[in-house]
Amino acid sequence: MAHTAKLFGRIYLSLANKEIDLDADSLKLMLCTSAYTPDQDAHQYKSSVTNEVTGTGYTAGGKALENVAVTYDPATNALILDADDVSWAASTLTARHAVLYDDTPATNKPLLGFVTFESDISSTSAPFQVIWNASGILRIAAS
């Protein structure tokens, strides 16, 4: 399947305003139904995200990323965010989007990026997994 991964454009504002600390903050991945439409230009905070999935094995707000690593690749002038793949074991749910956000701030939880699946993906009493690209979750490069 071909999935599309993008950054929310306002991630740069959140980084510049020190609302996101990729090294220290708790980053979470939440799942949304096809009724949610990501808006790269307008959505900056989790409060803009609608239609989060519900189902067995899924907790509202999503799941915290584990083993988060932030590195710099001098060959490509890129900052790279990576973490372990995310899995909801024995879940029963249907999702179209996975939304990555910073859960640390008490309010205004900044959005980082999202993955739109090619079609709805369902699990029935089985793991629902988001497997990250081997080159990292996100890359921010200087040109």
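Starting from the Cα of K109, draw a straight line to each of the aspartates and glutamates and keep only those under 13 Å, dropping any in the same chain fewer than 8 residues away.
E19, D21, D25
With each pseudo-label sitting 7 Å past Cα toward Cβ, what's the T37-A126 distance in nm, one decimal?
3.1
What Kirkwood radius, in Å to one decimal, follows from the Cα pairs of the chain?
15.5
Under 14 Å from the Cα of K6, which aspartates and glutamates turn up, not counting those fewer than eight places away in the same chain?
Within the straight-line cut-off, K6 pairs with D39, D41, E118.
If contacts are Cα pairs under 8 angstrom and at least 6 residues apart, what is the relative contact order of the chain in percent?
32
All of the numbers you see were taken from the coordinates with simple rules; none came from a lab. Everything quoted here is computed from the prediction, not taken from an experiment. For neighbour counting, all protein chains shown are included, and Cβ atoms are generated from backbone atoms with ideal geometry for every residue, glycine included.
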